[in-house]
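Following: one structure in structure tokens, then a few remarks.
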Amino acid sequence: MIRSLFVSLFFFFGPALLLFMLRNLTLLLLLKAKGRQEQAHQVEVIDITPVKKGRAPTWFYALVVAISLSCAVTVFMNLDHGEDTEVQHYVPAHVDESGNVVSGDWQNK
């Protein structure tokens, strides 16, 4: 159960981080293109207009949460809830009756 929770959290935060990285990369590429364009038409004017620093639009945050939540729920539902999952336990390496070393292995209960 704990493993499923950790994997689900990974699949929740993974897509969210990827989408935010993609957004920032896109913004950086747009800024670089704008900088090149302004460099070509450079004029000796000093602009002191204050710029309002804005955050990402609300729809972007909603999209990130929806995609991440759907990934996390899908992974959590498909992890350990199948009927074909067999309960197993680990039998460590040991020496059998004839003195041979038997390596450790997973066996069905």
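The values are calculated or read from the model by the stated rules, or taken from the named source; none is laboratory data. Note that this is a predicted model, so its numbers are computed, not measured. Note that each Cβ is placed from the backbone with ideal geometry, even for glycine, and that neighbours are counted across all protein chains shown. The accessibility values were calculated without ligands, DNA or RNA, using every heavy atom of the protein model including side chains. Shrake-Rupley method; radii C 1.70, N 1.55, O 1.52, S 1.80 Å.
In order along the range 18-28, phi translates into HN-Hα couplings of 4, 5, 5, 5, 5, 4, 5, 5, 5, 5, 5 Hz, rounded to whole numbers, per the Karplus curve 6.51 cos²θ - 1.76 cosθ + 1.60 with θ = phi - 60° and x for Gly and Pro. With contacts taken as Cα pairs under 8 Å at a separation of at least 6 residues, the chain carries a relative contact order of 34 percent. In the list [x] 2.08; [y] 1.39; [z] 1.47, the label attached to Cα Rg over 2.2 N^0.38 Å as derived from the coordinates here is [x]. Please compute, over every Cα-Cα pair in the range 4-54, the percentage with a separation greater than 12 angstrom. The proportion of pairs with Cα distances above 12 Å equals 77 percent. The peptide list 2-9, 62-69, 86-93, put in order of mean Cβ contacts within 10 Å with the highest first, becomes 62-69, 2-9, 86-93.
Treat each spin label as a single point 7 Å out from the Cα along the C-beta direction, and report the residue 70 to residue 31 distance in nm. Taking the simple label geometry, residue 70 and residue 31 are separated by 3.0 nm.
Ordered from largest to smallest accessible area (heavy atoms of protein chains, 1.4 Å probe), the residues 53, 32 come out as 53, 32. Note on the chain: with a GNM built from Cα contacts shorter than 10 Å, the maximum mean-square fluctuation among 36, 23, 55 falls on 55. The alpha carbon centroids of the range 48-80 and the range 1-24 are separated by 11 Å.
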